[in-house]
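The values are calculated or read from the model by the stated rules, or taken from the named source; none is laboratory data. Remember, predicted model here, so these are calculated numbers, not experimental data. Reconstructed Cβ throughout: ideal geometry from the backbone, glycine too, with neighbour counts over all protein chains shown. Areas reflect the complete protein model, heavy atoms only, side chains present, ligands, DNA and RNA absent. Shrake-Rupley method; radii C 1.70, N 1.55, O 1.52, S 1.80 Å.
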Amino acid sequence: EDQVTQSPEALRLQEGESSSLNCSYTVSGLRGLFWYRQDPGKGPEFLFTLYSAGEEKEKERLKATLTKKESFLHITAPKPEDSATYLCAVLSYAGKSTFGDGTTLTVKP
Amino acid sequence: EAGVTQFPSHSVIEKGQTVTLRCDPISGHDNLYWYRRVMGKEIKFLLHFVKESKQDESGMPNNRFLAERTGGTYSTLKVQPAELEDSGVYFCASSHVGQSSGANVLTFGAGSRLTVL
């Protein structure tokens, strides 16, 4: 069975304090690894897709990386508006997406 | 482009009653998924439609849950009779089929919060 474990469960940062979120996964056949952002009362919103080990994607203050066993979401100099829950999901070749519990990020001004 | 819309946004019912949730996916998206988040835990897969066909319903918890997608457009998820443990947020997501960079990216609705008393 595919599994996704995210850590930490919650992360509190000061504005400008860089950090990383971890997503460890086991999947029968990785078709893609996805990062989503979820704000309270809303559905998850797509951030990145990574397809193979060594791949990196960047968007503003976020950078996602992928190895054969885990993915990291690096947040550089975060701002309060980056506060949200960040979800990692793996898509298998069977077409099923498995999500982690998410990391709730709070950035204090 | 209109996003994925879900209705109702919140439903409060008593144990034993019936509730029907509706999802309108993005036009042209053949893939439609239902997910559920219970008590702040991970988002769990319920089922997957490709057009009007059920591709995978392995996540459906029991036969009190019935999903339909007549005509391959909108979908409904009926819970009958509802139990306390069915409370949670039900998300619908859609994606398009293909090999382009946007394929397989899930676009989610805002969710339908179900509270069973």
Mind checking which residues of the range A:86-109 are modelled with pLDDT under 90, more than 8 Å from every other protein chain (Cβ to nearest Cβ) and open to solvent by 10 Å² or more (accessible area, probe 1.4 Å)?
A:93
Residues that are farther than 26 Å from residue B:92 by Cβ: which strands (runs of 3 or more DSSP E) entirely in the range A:1-78 hold 2 or more of them?
A:10-14, A:19-26, A:56-59, A:62-66, A:70-75
For residues in the range B:70-117 being among the β-branched types (Val, Ile, Thr), touching a residue at least 24 places away in the same chain (Cβ under 8 Å) and within 18 Å of residue A:96 (Cα to Cα), which is farthest from the other protein chains (Cβ to nearest Cβ)?
B:97
Unmet requirement for residue B:48, which otherwise passes all of (1) open to solvent by 50 Å² or more (accessible area, probe 1.4 Å); (2) closer than 25 Å to residue A:101 by Cβ; (3) under 12 Å from the mean Cα position of the chain (by Cα); (4) not small (Gly, Ala, Ser)
(1)
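Results for (1) closer than 23 Å to residue A:94 by Cα; (2) open to solvent by less than 50 Å² (accessible area, probe 1.4 Å); (3) touching a strand residue (DSSP E or B) at 6+ places or on another chain (Cβ under 8 Å), shown as yes or no for each residue.
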position	(1), (2), (3)
B:56	yes, yes, yes
B:65	yes, yes, yes
B:80	no, no, yes
B:89	no, yes, yes
B:92	yes, yes, yes
B:97	yes, no, yes
Odd one out for residue B:67 among (1) within 26 Å of residue A:1 (Cβ to Cβ); (2) within 14 Å of another protein chain (Cβ to nearest Cβ); (3) of a type outside the set (Ser, Thr, Tyr):
(2)
Please state which one of B:28, B:59 is within 26 Å of residue A:35 (Cα to Cα) and more than 14 Å from chain A (Cβ to nearest Cβ).
B:28
